[in-house]
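The values are calculated or read from the model by the stated rules, or taken from the named source; none is laboratory data. Remember, it's a predicted structure, so these values are computed and weren't measured experimentally. Cβ sites come from the backbone with ideal geometry, for glycine too, and all protein chains shown count toward neighbours.
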């Protein structure tokens with residue numbers, strides 16, 4: 001069975017996840033050539049992810065994008081300047097644990113399919129009042145939402161003035177404009193968009209969609225700001241693939 005078909009089957013994904021969780025990957029990858037900034041583990045290499053070598057942490061399962069974002073949030077994210085109300089949408093466990101531990105952050109986890117203390121959040125109809133949050137963290141979600149402009153407008157609504165949307169969203173830098181087609185069947189979506197859940201592949205105009213709802217936008221390639229030895233040791237570059245998922249888009253809600 002093709003790998004794509006396995007990933008599109010929830011039952012097979014769960015079975016595969018249980019098998020994976022029982023393998024002591026951190027012992028099999030013992031070494032000191034790589035260090036994960038998310039969990040602090042050291043390894044001879046990170047695990048492969050499909051066509052991406054050196055991608056997945058053998059201990060905490062972070063990928064390149066998680067490690068880039070956590071380093072940026074930790075060092076540049078300004079999450080320690082007074083109390084910060086933060087909504088984390090579709091929370092990645094490796095980031096959630098670290099954000100919950102920050103003393104200045106009042107953390108809310110939101111998901112379309114909530115578990116534990118997560119709040120049910122449909123981004124096209126967010127169940128919070130205007131100006132509820134200082135920061136909204138939302139990664140690798142917008143390419144799955146048919147009406148992404150409405151979702152962006154809702155995020156803008158529930159942010160306070162000067163509040164920030166922080167997102168890593170895959171962008172195909174060879175495309176000037178976004179290609180989208182929600183009508184495609186799942187098998188065709190995987191072929192065109194790389195996953196069966198996506199309805200579009202963003203081009204360089206993704207920042208224009210953010211600006212269109214009222215954000216001042218900055219695109220940050222944080223790995224390029226670090227020295228090559230740090231980038232290699234922490235595995236911060238996605239090797240292979242046609243889209244970039246590690247750049248950080250920061251949209252700031254304009255005053256007024």
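Filter segment 148-164 down to residues that are within 15 Å of residue 110 (Cα to Cα) and part of a strand (DSSP E or B), then give me how many there are.
1
Would you point out the residue of segment 208-231, among those that are assigned to a helix (DSSP H, G or I) and in contact (Cβ under 8 Å) with a residue 60 or more places away in the chain, that is farthest from residue 65 (Cα to Cα)?
212
Could you say which residue among 169, 177 is under 26 Å from residue 68 (Cα atoms), within 20 Å of the chain's Cα centre (by Cα) and touching a residue at least 12 places away in the same chain (Cβ under 8 Å)?
Result of the check over 169, 177: 169.
Say we look at segment 57-104 and pick out the residues that are part of a strand (DSSP E or B) and out of contact with any helix residue (DSSP H, G or I) (no Cβ under 8 Å at 6 or more places or on another chain); which of these is nearest to residue 239 (Cα to Cα)?
89
Quick one: how many residues across segment 36-56 are touching a residue at least 24 places away in the same chain (Cβ under 8 Å) and part of a loop (DSSP other than H, G, I, E, B)?
7
Rundown of residues vs (1) within 14 Å of the chain's Cα centre (by Cα); (2) in contact (Cβ under 8 Å) with a residue 12 or more places away in the chain; (3) exposed (fewer than 14 other Cβ atoms within 10 Å of the Cβ), yes/no style:
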site: 83; (1), (2), (3): no, yes, yes
site: 104; (1), (2), (3): no, yes, yes
site: 113; (1), (2), (3): no, no, yes
site: 120; (1), (2), (3): no, no, yes
site: 131; (1), (2), (3): no, yes, no
site: 159; (1), (2), (3): no, yes, no
site: 163; (1), (2), (3): no, yes, no
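Could we say that residue 88 is touching a strand residue (DSSP E or B) at 6+ places or on another chain (Cβ under 7 Å) and at pLDDT 95 or above here?
Answer is yes for this residue.
Hey, residue 33 hits all of (1) over 27 Å from residue 199 (Cα atoms); (2) assigned to a strand (DSSP E or B); (3) out of contact with any helix residue (DSSP H, G or I) (no Cβ under 8 Å at 6 or more places or on another chain) but one; which does it fall short on?
(3)
Which count do you get for residues in segment 134-147 that are outside any strand (DSSP E or B) and closer than 13 Å to residue 122 by Cβ?
Total meeting the criteria: 5.
Among the residues of segment 105-123, count how many are assigned to a loop (DSSP other than H, G, I, E, B) and under 15 Å from residue 165 (Cα atoms).
Number of matching residues: 1.
I'd like the residue in segment 232-244 that is assigned to a loop (DSSP other than H, G, I, E, B) and in contact with a strand residue (DSSP E or B) (Cβ under 8 Å, 6 or more places away or on another chain) and, out of all such residues, is surrounded by the fewest Cβ atoms within 10 Å (Cβ to Cβ).
240
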